[in-house]
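The next block holds one structure in the form of structure tokens; read it before the comments.
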2 protein chains.
Amino acid sequence: MHFVHAEAAHLPLMLLLVFGTAKIAAELFERIGQPGLVGEILAGVLLGPSVLNWVQPDAILSALAELGVMFLLFRVGLEIKGSELFKVGKTAMLVAIAGVLLPFAAGAALSVAFGQNRIEAIFVGAAAVATSVGITAQVLAVKGLLDERASQVILAAAVIDDILGLLVLAVVSGMAESHIDIPGLLTTAAIAVAFTFLVARFGTSTVRRWYPTIERRLAARESQFHFALICVFALSLLAVYVGVAAIVGSFLAGMAFSEASDRRMQDLAHGATELLVPFFLVGIGLQFNLASFRETSTIIFSAALTLIAILTKLIGCGLPALVYGRRDAVRVGIGMVPRGEVGMIVAQIGLGLGVVGAPVYAAVVCMALLTTLVTPPLLNYAFRDCKPQVAKEEFGLV
Amino acid sequence: MHFVHAEAAHLPLMLLLVFGTAKIAAELFERIGQPGLVGEILAGVLLGPSVLNWVQPDAILSALAELGVMFLLFRVGLEIKGSELFKVGKTAMLVAIAGVLLPFAAGAALSVAFGQNRIEAIFVGAAAVATSVGITAQVLAVKGLLDERASQVILAAAVIDDILGLLVLAVVSGMAESHIDIPGLLTTAAIAVAFTFLVARFGTSTVRRWYPTIERRLAARESQFHFALICVFALSLLAVYVGVAAIVGSFLAGMAFSEASDRRMQDLAHGATELLVPFFLVGIGLQFNLASFRETSTIIFSAALTLIAILTKLIGCGLPALVYGRRDAVRVGIGMVPRGEVGMIVAQIGLGLGVVGAPVYAAVVCMALLTTLVTPPLLNYAFRDCKPQVAKEEFGLV
């Protein structure tokens, strides 16, 4: 009967290892006053190829991780009113633009300084660009700080950053294949901007009109929650089709439901999120492979790239936010630091095209992991004197 | 950039197709007074190879389906007190035994009557044995009927049925490889019985002792829900290791938490379940392939096998339940009819060993699907004069 066992045991074993280790690590980190999610990411490093090699990233784990970050951004969106984001729109735009230009220039310059070729330099610059807002959003959500002005600026800027990142990626991919299609590029940009703007602007009122009807008119149970899930999946898919990340769609879906949803919707979304988020966090840690860092030059380049990545977002995103005072500028700068999976995808494309070497890829993964790990403690410190305005219990703190 | 799109779109597209179609079908079925989950299974047939061929069963979908049925049984377990199951234990034991012997004998006899060889006949008999309790549990849970005596008998008998099914499978696999290891068989049986009995008997009191401490002593948020999830995964894994289905472990985990858990735990579990169950139901429908039914003999054999499968459970499981009156006997008999994925697994093993032909496999899949489809309407009818005793709102009816 062993052929039955091996296959049937695979899923529950993986679930237990990933979820159990993540939650034990989270508990240990909370006890020493550190954010639990840093522990969960490090649980991924522990389970991954660098240390125990008990869990390999596979299709199932990737899917659960992707679902996890989709639900994370959906839940964050539920707490955010679109109108609030539009209020900080101009500042967020400047934050996003400076936060893209500076890392790109500095990343590319660093690459050149390390003697890499022009195409590689462009890919390093591009990989340093895109903020991955999941980690910051989770920290702010858990601490009930999503209503803070700095949080609103971070979320709005992250959405714009994603569109800019799309354009950078399109240009860079075009350069690697040595043809840039300017009209195509402009069309891509226009569609992405139109999609994001239209959903952010009209999503809330559309949902507010349909939401009560659905409960009243449909025969099936929990139809409102199912309707919300269908919107999450549909907008995530549309986001991918227009070229931005799926999580931008999930976030916009959450925002569209923010004014219509009730406590029950939030609890149900919360249950799914609590199950899935550890797979996202552990998945980040699993990407890291210590074996890639055998050569001293790789280590030095990784350290320099990480430092540059942190400083350029701090400065690039912090300066435009100075209009809201020094404190908010620091908060915004820190919140935009994590690169997460987006930078890794850029580097993977370069690797796939054969224009980026393995050491550069390893350095980008290291940068993505470290920028993600330093953010939660820094955010905790920067927001230390904020009183949570969102009901903490919604995120299970009570 | 199309290489980015295709990969990134895969998951949200699949999620939208499966979840969206399932929920639209559920709504249509509810409107014509039929159980929504029948619609969701048929949505799988529609999306699968027989009709549209838009969704192929892959590793990700199987994992979500498996998670879905695990959470389904966990949520059902949360509503069940172990002590109640032990009260109906003796009847449930007889229900399970007669409900295994009769389908096995009739299935094997039918196979012989259709001129199939001895080994094939044994596999057909074995595939007709195991009740898949997920569908029945979902119907009873949604209608708030889990407190009914007939429901308790069904759940207890289904757990025992699973252990007996394990033994049948072990014997049959041994026969196919023409050696039966009697001491090994007895050990397997003893371990499976001991595991199930010990968790059912002592799970509740263990959890009741630890549950409040966890909330008090741990620093991380939602630690009780995380603790419950870890128990679900751990018991599901243990169940697989001792040889029974993972969902038996999930059910036992739910039952262990039934007396300690509060409303919040149920809401969180409910959110995860609502997200995942459609993937389980659609997954059942996806297994069906109309192309396997080109020959008339396959169609006739499938129809006969389905009829035998329904009648033998009705009679075999109904008769011992007559001690509780005719009405409960009919309810128990119907509740034990669905075979679901367990019969398919048996046939797959036979297919893998090369002792079962493709037409027989197709017939087993057809039988599994049809027994699953007829159960919900029959259950609705059999339980039509029961007043729901469990708070319906827990399953979202209010």
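The values are calculated or read from the model by the stated rules, or taken from the named source; none is laboratory data. All of these numbers come straight from a predicted model, not from anything done at the bench. Cβ placement follows ideal geometry from the backbone for every residue including glycine, while neighbour counts extend to all protein chains displayed.
Being within 24 Å of the chain's Cα centre (by Cα) and either within 23 Å of A:Leu268 (Cα to Cα) or within 12 Å of chain A (Cβ to nearest Cβ) (or both) is the filter here; which residues of segment B:192-224 pass it? Selection gives B:Ala192 alone.
Results for (1) assigned to a helix (DSSP H, G or I); (2) under 19 Å from B:Gly134 (Cα atoms); (3) at pLDDT below 95, shown as yes or no for each residue.
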position	(1), (2), (3)
B:Phe19	yes, yes, no
B:Ile24	yes, no, no
B:Gly39	yes, yes, yes
B:Pro49	no, no, yes
B:Pro57	no, no, yes
B:Ser62	yes, yes, yes
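Against the criterion of being more than 18 Å from B:Pro338 (Cβ to Cβ), buried (at least 22 other Cβ atoms within 10 Å of the Cβ), hydrophobic (A, V, I, L, M, F, W, C) and free of Cβ contacts under 8 Å to residues at least 60 places away in the same chain, B:Ala25 qualifies.
Checking each residue in segment B:251-300 for being more than 23 Å from B:Ala26 (Cβ to Cβ), under 18 Å from the mean Cα position of the chain (by Cα) and not aliphatic (A, V, I, L, M) picks out B:Phe251, B:Gly254. Against the conditions (1) under 26 Å from B:Glu84 (Cβ atoms); (2) surrounded by fewer than 22 Cβ atoms within 10 Å (Cβ to Cβ); (3) not polar (S, T, N, Q), B:Ala137 satisfies every one except (2).
Does B:Ala246 satisfy being more than 17 Å from the chain's Cα centre (by Cα), closer than 30 Å to B:Ser223 by Cβ and among the hydrophobic types (A, V, I, L, M, F, W, C)?
no
Comparison of B:Phe114, B:Phe123 shows that the only residue that is closer than 28 Å to B:Ile315 by Cβ and either among the basic types (Lys, Arg) or surrounded by fewer than 24 Cβ atoms within 10 Å (Cβ to Cβ) (or both) is B:Phe114. Figure legend. Inter-residue proximity from segment A:255-272: first residues more than 14 Å from chain B (Cβ to nearest Cβ), second residues surrounded by fewer than 21 Cβ atoms within 10 Å (Cβ to Cβ) and outside any helix (DSSP H, G or I), beta-carbon distance below 8 Å, spacing 6+ or different chains. Indicated pairs: A:Met255/A:Lys81; A:Ser258/A:Lys81; A:Glu259/A:Lys81.
This table checks each residue for (1) surrounded by 22 or more Cβ atoms within 10 Å (Cβ to Cβ); (2) within 25 Å of B:Met175 (Cβ to Cβ); (3) at pLDDT below 95.
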{"position": "B:Gly285", "(1), (2), (3)": "yes, no, yes"}
{"position": "B:Phe293", "(1), (2), (3)": "no, no, yes"}
{"position": "B:Thr312", "(1), (2), (3)": "yes, yes, no"}
{"position": "B:Val346", "(1), (2), (3)": "yes, yes, yes"}
{"position": "B:Val356", "(1), (2), (3)": "yes, yes, yes"}
{"position": "B:Ala362", "(1), (2), (3)": "yes, yes, yes"}
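Would you be able to tell me the number of residues in segment A:236-249 that are of a type outside the set (Phe, Trp, Tyr) and within 9 Å of chain B (Cβ to nearest Cβ)? Break it down into steps so the answer makes sense when it comes.
Applying the first criterion (of a type outside the set (Phe, Trp, Tyr)) to segment A:236-249 yields A:236-240, A:242-249.
After this cut, where a residue has to be within 9 Å of chain B (Cβ to nearest Cβ) as well, the list is A:236-240, A:243, A:245-246, A:249.
The number of residues fulfilling the criteria is 9.
In segment B:30-53, the qualifying residues are those that are of a type in the set (A, V, I, L, M, F, W, C) and within 14 Å of chain A (Cβ to nearest Cβ), and the one that is farthest from B:Phe19 (Cα to Cα) is B:Ile32.
Kindly check whether there is at least one residue in segment A:327-347 that is without any contact (Cβ under 8 Å) to a residue 12 or more places away in the chain and basic (Lys, Arg). No.
Every residue, every condition in (1) in contact with a helix residue (DSSP H, G or I) (Cβ under 9 Å, 6 or more places away or on another chain); (2) modelled with pLDDT under 90; (3) under 23 Å from A:Leu314 (Cβ atoms), yes or no:
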position: A:Ala150; (1), (2), (3): yes, no, yes
position: A:Leu155; (1), (2), (3): yes, no, yes
position: A:Val171; (1), (2), (3): yes, yes, no
position: A:Ala176; (1), (2), (3): yes, yes, no
position: A:Leu186; (1), (2), (3): no, yes, no
position: A:Ala189; (1), (2), (3): yes, yes, no
position: A:Thr206; (1), (2), (3): yes, no, no
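Restricting to segment B:369-398, and then to whatever is touching an Asp or Glu at 6+ places or on another chain (Cβ under 8 Å) and at pLDDT below 90, can you tell me which residue is surrounded by the fewest Cβ atoms within 10 Å (Cβ to Cβ)? Let's see the steps before the verdict.
Taking segment B:369-398 first, the residues touching an Asp or Glu at 6+ places or on another chain (Cβ under 8 Å) are B:383, B:386, B:389-390, B:394, B:396.
Within this subset, residues satisfying the condition of being at pLDDT below 90 are B:386, B:389-390, B:394, B:396.
Working: B:Cys386: 17, B:Gln389: 12, B:Val390: 18, B:Glu394: 19, B:Gly396: 19.
Here the answer is B:Gln389.
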